[in-house]
Amino acid sequence: VKKVAVLTSGGDAPGMNAAIRGVVRAALFEGMEVYGVYDGYLGLYNNNIKRLERFSVSDVISRGGTFLGSARFPEFKDPAVRAKAVENLRQHEIDSLVVIGGDGSYMGAKLITEEYGFPCIGIPGTIDNDVAGTDYTIGYQTALETALEAIDRLRDTSSSHQRVSIVEIMGRHCGDLTLGAAIAGGCEFIVVPERPFEREALIKKVEYGFQKGKRHSIIAITEYICDVNELAKEIEDRVKLETRATVLGHVQRGGAPCAFDRILASRMGVYAIELLKQGIGGRCIGIQNEKLVHHDIIDAITNMKRPFKADWFETSRKLY
Ligand code: ADP
């Protein structure tokens, strides 16, 4: 009998629970035993591993977050720590591991596969949509809806007060969440990490917009590009209009997963077990052009790049 373990790692994302459920139910369907590893690689190291049954994943499909818990555990970069983790898996006679997380988490899975020939399957779970080899990651669509709802609310109030609003959106080095939310929310200005930030041009455009008779302006910007409160102050000083920055922050990570993410997570969870059943390991799962695909996890991390949605960006510039 195959024994498979599943863990969630890195930043949590809505739909991770649905993915765990997919893995558990499909594994049981195939007659495998399933184990849950609590708190990501930390739990793997601490041997916090427990058998999961059919009912362990009851009522989780609609819940955000991850019931297995997640953790940042940089110690996993240490080979001795990984050796202990693999020893724990072997002690339970577990022969394969499904890792749900972002590219950092894939790195851990890649190393275990490389060093120990231990078959791992990576499932992309992050709101950032920044994982190579997939068009969408689990959690992105839900976070997009959350960010959009916030932008809609900001629009109401900034329009009433002739105000400039800056919205800081998550995504780390990937502008997908910002781009999607900004286009859907009708934001006039979009600043993403993949394109240079033209601060001066932005301020001039805001000024020009109000001269033309705009009642408000919404600027969508990805996190880590600049201090948005400082930018707000600068715009206020120069354009002479009240300017407020709103950092959406972790609200974007929570909430019930939308239908798209639940379906994607369920399909990917089942697909992971299908691959392991066929004896395929060291792969990461993606959805590309509507089809489930799998890539070599090592190749994906080292050679594959996520393409920037240049067409979305160009589109947005004509909607000003
Ligand atoms: P995400 O998976 O969302 O990208 P992180 O980058 O924080 O999030 O990675 C999650 C976890 O994966 C880390 O806390 C660590 O335990 C593990 N990890 C990340 N990078 C490496 C690495 N280079 N080697 C081994 N493990 C890693």
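Would you check which residues across region 285-311 are under 23 Å from I263 (Cβ atoms) and either touching an Asp or Glu at 6+ places or on another chain (Cβ under 8 Å) or among the acidic types (D, E) (or both) and list them? Those that are under 23 Å from I263 (Cβ atoms) and either touching an Asp or Glu at 6+ places or on another chain (Cβ under 8 Å) or among the acidic types (D, E) (or both): G286, I287, Q288, N289, E290, R306, K309.
Would you kindly identify the strands (runs of 3 or more DSSP E) lying entirely within region 1-116 that contain at least 1 residues that are within 10 Å of the ligand (Cβ to nearest atom)?
Values: elements: 3-8, 33-37, 49-52, 96-101.
Strands (runs of 3 or more DSSP E) meeting the threshold: 3-8, 96-101.
Among the residues of region 26-78, those that are of a type in the set (F, W, Y) and in contact with a strand residue (DSSP E or B) (Cβ under 9 Å, 6 or more places away or on another chain) comprise Y35, Y38, Y41, F67.
Of all residue pairs spaced 6 or more apart or on separate chains, those with beta-carbon atoms under 7 Å, a first member in region 71-100 that is within 24 Å of G22 (Cα to Cα) and at pLDDT below 95 and a second member that is within 16 Å of the ligand (Cβ to nearest atom) and small (G, A, S) are A71/G40. T134 meets each of the listed conditions (1) among the β-branched types (V, I, T); (2) in a helix (DSSP H, G or I); (3) within 15 Å of the ligand (Cβ to nearest atom); (4) out of contact with any Leu (no Cβ under 8 Å at 6 or more places or on another chain) apart from (2).
Applying a threshold of 7 Å to beta carbon distances and a minimum spacing of six or more residues, or different chains, the list of pairs starting in region 56-68 at a residue that is without any contact (Cβ under 8 Å) to a residue 40 or more places away in the chain and ending at one that is β-branched (V, I, T) reads S56/V24.
Of the residues V1, V57, only one is at pLDDT 95 or above and either closer than 22 Å to G286 by Cα or of a type in the set (A, V, I, L, M) (or both); which?
Numbers: V1 fails: at pLDDT 95 or above.
When all the criteria are applied, what remains is V57.
Scanning region 171-206 for residues that are touching a Cys at 6+ places or on another chain (Cβ under 9 Å) and among the aliphatic types (A, V, I, L, M) yields A181, V191, V192. Has region 149-157 got at least one residue that is in contact with a helix residue (DSSP H, G or I) (Cβ under 8 Å, 6 or more places away or on another chain), in a loop (DSSP other than H, G, I, E, B), of a type outside the set (S, T, N, Q) and modelled with pLDDT of 95 or more? Checking region 149-157: not a single residue is in contact with a helix residue (DSSP H, G or I) (Cβ under 8 Å, 6 or more places away or on another chain), in a loop (DSSP other than H, G, I, E, B), of a type outside the set (S, T, N, Q) and modelled with pLDDT of 95 or more.
Any residue at all in region 287-297 that's in a helix (DSSP H, G or I), more than 23 Å from G175 (Cα to Cα), free of Cβ contacts under 8 Å to residues at least 60 places away in the same chain and within 19 Å of the chain's Cα centre (by Cα)? Checked region 287-297: no residue is in a helix (DSSP H, G or I), more than 23 Å from G175 (Cα to Cα), free of Cβ contacts under 8 Å to residues at least 60 places away in the same chain and within 19 Å of the chain's Cα centre (by Cα). For region 265-278, the criterion of being over 19 Å from L7 (Cβ atoms), of a type outside the set (S, T, N, Q) and touching a Gly at 6+ places or on another chain (Cβ under 9 Å) is met by at least one residue.
Would you kindly identify the helices (runs of 4 or more DSSP H) lying entirely within region 161-254 that contain at least 3 residues that are surrounded by fewer than 18 Cβ atoms within 10 Å (Cβ to Cβ)?
Values: elements: 176-185, 199-211, 228-239.
Answer list for region 161-254: 199-211, 228-239.
Name the residues in region 132-145 that are more than 15 Å from A265 (Cα to Cα) and either surrounded by 24 or more Cβ atoms within 10 Å (Cβ to Cβ) or of a type in the set (A, V, I, L, M) (or both), would you? Show your work before the answer.
Initially, region 132-145 is screened for residues more than 15 Å from A265 (Cα to Cα), giving 132-133, 144-145.
Result: A132, G133, L144.
The values are calculated or read from the model by the stated rules, or taken from the named source; none is laboratory data. In this text, all values refer to a predicted model and were calculated from it rather than measured experimentally. Every residue, glycine among them, receives a Cβ derived from its backbone with ideal geometry; neighbour counts consider all protein chains shown.
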